[in-house]
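*Asks:* Pasting a structure here, questions to come.
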Amino acid sequence: MPGSLREQIYEVVRRIPAGKVATYGQVATLAGARGHARQVGYALHGLPDGADVPWHRVINARGQISLRNSPGSGADQKRLLEAEGVEFDHLERIDLSRFRWRARPMPWE
DNA sequence: TGCTTGACATAAT
DNA sequence: CATTATGCCAAGC
């Protein structure tokens, strides 16, 4: 049912353009829930397999893939991001200075 | 109905 | 920029 925080999170994630990434905190803020970053991850965790939600574009504030700190599970995600033009470094990290999605100049203050 | 867990963020060190 | 400590809230059991 729409209106749920989970559904709101899905909507925000759908707005992330290809080639860009967003942090959990940013998604939470855009979803209208400042500080509920954990819920974003939890919502994505419960995502069905056929959902049209680019969850792979959602990463943690460190610019790394965070599925549970498990490298194997995030290998596929990294590949998807690379296919969209996102660059990774040796530590599997993304340069947020360039790939961070700027939806709206709000949290910058 | 109440306690535990969790794809994290932010501030301080 | 990395690590440690603390806080936030919803979903699961």
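*Asks:* For chain A, give the magnitude of the charge dipole about the Cα centre (Cβ charges: +1 Lys/Arg, -1 Asp/Glu; no others), in debye to the nearest 20.
*Replies:* 320 debye
*Asks:* Computed on alpha carbon atoms, what radius of gyration and Dmax characterise chain A, expressed in Å?
*Replies:* Gyration radius and largest Cα-Cα distance of chain A: 13.1, 42 Å.
*Asks:* Additional query: Accessible area, 1.4 Å probe, largest first: how do A:K20, A:K78 sort?
*Replies:* Accessible-area ranking of A:K20, A:K78, largest first: A:K20, A:K78.
*Asks:* Hey, if we sort A:H90, A:H45, A:H56, A:H36 by accessible area with the 1.4 Å probe, largest down, what's the order?
*Replies:* My answer, sorted largest first, is A:H90, A:H45, A:H36, A:H56.
*Asks:* Leaving out ligands, DNA and RNA, what percent of the accessible area of the range A:5-99 is carbon and sulfur, probe 1.4 Å?
*Replies:* Using a 1.4 Å probe with all protein chains present, the range A:5-99 comes out at 46 percent carbon and sulfur.
*Asks:* Another question about this same structure. Rolling a 1.4 angstrom probe over the protein heavy atoms, how many square angstrom per residue are accessible across chain A?
*Replies:* 66 Å²
*Asks:* Another one. Compute a Gaussian network model of chain A, connecting alpha carbons closer than 10 Å, and tell me which residue from A:V21, A:V13, A:V53 fluctuates the most.
*Replies:* Highest fluctuation of the listed residues: A:V53.
The values are calculated or read from the model by the stated rules, or taken from the named source; none is laboratory data. Model, not experiment: these values are computed from the prediction. Glycine also receives a Cβ, built like all others from the backbone with ideal geometry; neighbour counts cover every protein chain displayed. Calculation scope for accessible area: heavy atoms of the full protein, side chains included, ligands and nucleic acids excluded. Shrake-Rupley method; radii C 1.70, N 1.55, O 1.52, S 1.80 Å.
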